[in-house]
Structures are given as C-alpha cells and as structure tokens.
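Reading through the structure tokens given below for one structure.
Since every read-out is calculated from the coordinates, none of them should be taken as a lab result. Everything quoted here is computed from the prediction, not taken from an experiment. Cβ atoms come from the backbone with ideal geometry, glycine included; neighbour counts cover every protein chain shown.
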Amino acid sequence: LDMARHVPLYRALLELLRAIASCTCMVPLLLPLSTENGEEEEEQSECQTSVGTLLAKMKTCVDTYTNRLRSKRENIKTGVKPDASDQEPEGLTLLVPDIQKTAEIVYAATTSLRQANQEKKLGEYSKKVAMKPKPLSVLKSLEEKYVAVMKKLQFDTFEMVSEDEDGKLGFKVNYHYMSQVKNANDANSAARARRLAQEAVTLSTSLPLSSSSSVFVRCDEERLDIMKVLITGPADTPYANGCFEFDVYFPQDYPSSPPLVNLETTGGHSVRFNPNLYNDGKVLVSVQSLILVAEPYFNEPGYERSRGTPSGTQSSREYDGNIRQATVKWAMLEQIRNPSPCFKEVIHKHFYLKRVEIMAQCEEWIADIQQYSSDKRVGRTMSHHAAALKGVGPWVGNVHATQYSRLINNISYFERHTAQLREELLKLPCPEGLDPDADDASEMCSATAGAEETLMHDQVKPSSSKELPSDFKL
C-alpha cells in the first residue's frame, strides 16, 4: 500500500494507535495474543505478529528512508540541484514524524505493561515454579523449536557500507556489487527510496520460515538498495540444510529494471550448484522454487527429455552426488567455520537446531552413494563422490585401479571430514532461551559412530578383482 497516496488513512490509524496506547486497559491489544496460560504467542507462532512489532518495523524503515533524504538535502546545500520530479510529497512529510512519534508512544506503553506483568508473575513465581516450564522447553517438534528461535532473525539491518568525511564509500563486508555501488550516481529519487522502504516493510513480515527451508534478509542500515539474503536448502534435495548466501543490489532505475542477484556460496568459484547457477555466482531464475530442487540435473537445457529413462536417472544421481558433497563442504562446514558477519547468529542457530538431522542426512547420503557405487558401470564416479563427501577432495580424470582400491580400503580417512562436521556441530552454543538438548547430542554422537562403524565394516576389507569395475585392469 503506497503511503503517499493514503496519508489521511494512515494518519487516522496512527491517531487510533496513540489513543489505544494512552488507555491502560487497551494496551494489551498492541501486544501479541496470549495463550490460556497468559504466555505471549509471538515467539511460538509463525503467524502471530503484534501491532507493536509491525509499527516498530515500519519505524525502522522510515528512519532509514529519512536518513537517506537527509543525505540528499546535504548534497543540495553543496550545490547539487535536485530533480524537479524528486520532490517529497507534502502529506508524506507530515506522515513520517507521525509514524516515529506513534512508534515511540506504543513502545513506551507496551514496555510499561510488560514490566508490570513481569512483576506480577514474579510475585506468583513461588506458587507456579513447579508448573511453569520455559517457553521453548514445551515445544516438542523440531518445526516449533526452529520457528520460535529463528523468527526474530529473519529480517534485520546490518552496517555493510560506511561513508568517510570526504563522502567516499567503504564496505565493511564482502559485497559482489561493490563497484556498481561506488560508480552509481548518488542522485537517487525519492520515489525509488519510498518503493524500497515499502518493500522492506513487506519483506520483514512475509519471508518464508520453516525447518525445511527458510529465507533470511539483511539490508544496510542506511541504504535499502544493498541487501544480503541467506536461503537454507529445502528438504529432500541435494541442497538440504545447507546455507546459501546471495548478494542483492537494486540498480538506479529500479523498479524499471529488476534487482541484481549473485550467489556467493560457490567454493571460491569452484562449484556450480545448478545449471541455472554459474560458478561465478550469476543467478538466472527464481532461486528457492526453481533452482534448489530435488533433481537439478534436469534443469540443464535439453536434459528434461531424458527424465524417466535409465540413462537420465543414472546421470541425475551422479549429478546429485556432486551437489551433495559440495553442499556438505561449502554450504555446511565452511559456513560454520567462516560464517558471513551478517548471518553469523542465523547460521549457528540453524545448525545447532538441526545438528542431529544433518548428521543423519550426511550418513544417509554416503550410504546411498556407497550402495550406488556397487553398480560397475558407475563405480568410479560414485566412489569419487563418497570420497569427496568425506573430505578427500576433487577427482580429476581417469583413476588407476590401485588408486580406486586404495580409496575403498582407506575409508577411515574419508570419515575424517564427517567427523570434523560433527565436532563443529557439537561446539555450537545453545540458543538463548532453549535448553541444551543433551539427549540430542548423545543421539547424534551414537548415531554417527554407529553409521561409521557400519561403513568401516562394509568398506575396509580386501578388495578382490571381482569387486572392481569391469573397465579396470590390475
């Protein structure tokens, strides 16, 4: 909804909110809905969003918008002539301070009520201590826990770019479109700034969130045209549970031109995660729905016709093997060890909450590759995938039978990569407000150890020439 076109409506709503905030008995309307036990549901429900929260997010975007306009006014004072079509609407000029004032009043009223409620609860604590669990401890499913912990991390600002005394831009994080930003004309239109602010408000409440796949967004504190996005790989795909980072830039003529998007998780430009994702990061189509899919092999032009055929199925499984090992290496282990500053908290909490599932998933992937490698037609290729997934590294060209046999017999070396991932997962801190799941940690260790023991038993044994692919010769 364009604020500039509906200023009277917005002003009336803001006046209503101020009136509600001034009446003590009506302030609870500004808070999240409460359960029968009086607990606020905002942390436990993906759908619940309070009026106070929405107003606070609107104020954040408005503050960013006004800061940008303030910079433009300073440029005008230095002699830069404004565009005649770039004038700020008079109604919007009145609406911005109205939003800021209302947000402050609502925040003060809701904070006061929360403090009063907290004091009341503390007074009753001795009577209910045995009956009252921690908010997140009552959440039984992974989905509930994940949503409760990650919801507040979905949209936020982060200082990515700064400006020195001479007006020169400097980036505090790696950003693919750094040169475009520096070379762009700073005469941004107010209409473009308003459009970006409105879309930021929409993003803050409409991003998909679930334990199977989620989207997280960070925009610069003063420039909404500079964004970073983190997408967690969808379940039942070769990308499952991996963290994929994208840089997003809205060009000067946006919305006439679409935003620019670049994949940053490419293993130093060494991995092409999908036919529609080049290893230089260029994104061709919608990421979550069309790229991070269950059978990415068939995204390659012309390959769709082979779907359902024996050769197509074989090629797809080989392709999935490559993607799986790249996901483990670059979208899991590397993300844990070297997380993006913008998403450090998101990445650590994501992997903490899903650590048991991730280890089970990795062992399932390895078992699948091991089983498929028994097919003599694809033994060499798929055994390479198993080796890479365990941390051996790239396999280039044809490999001698002795090298193949050495890889099969040296499976303990391959397991080190998975062991490293397990160690990193166990070191992750427990999210605030969530009880450490000692049982989950024990389950992860025992399950992984059992899987590794099975792999050792199956693979570390002398290989006879009958077990080698038919095209190998000793």
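Here are the numbers for this structure:
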{"read-out": "Residue-by-residue Karplus 3J(HN,Hα) for region 344-352, coefficients 6.51, -1.76, 1.60, Hz, glycine and proline x", "value": "4, 5, 4, 5, 5, 6, 4, 6, 5"}
{"read-out": "Filter on 152/354; 228/349; 152/349; 57/101; 172/228; 121/151 - keep pairs with C-alpha separation over 20 Å", "value": "121/151"}
{"read-out": "Compactness of region 219-258 as Cα Rg over 2.2 N^0.38 Å, two decimals", "value": "1.55"}
{"read-out": "Per-peptide average of other Cβ atoms within 10 Å, ordering 97-107, 353-363 highest first", "value": "353-363, 97-107"}
{"read-out": "Highest average packing first - 13-26, 194-207, 49-62, Cβ atoms within 10 Å", "value": "49-62, 194-207, 13-26"}
{"read-out": "Residues with amide H under 5 Å from that of residue 155, placed H, sequence gap 5 or more", "value": "217"}
{"read-out": "Listed peptides 327-338, 222-233 by packing density, highest first (mean Cβ within 10 Å)", "value": "222-233, 327-338"}
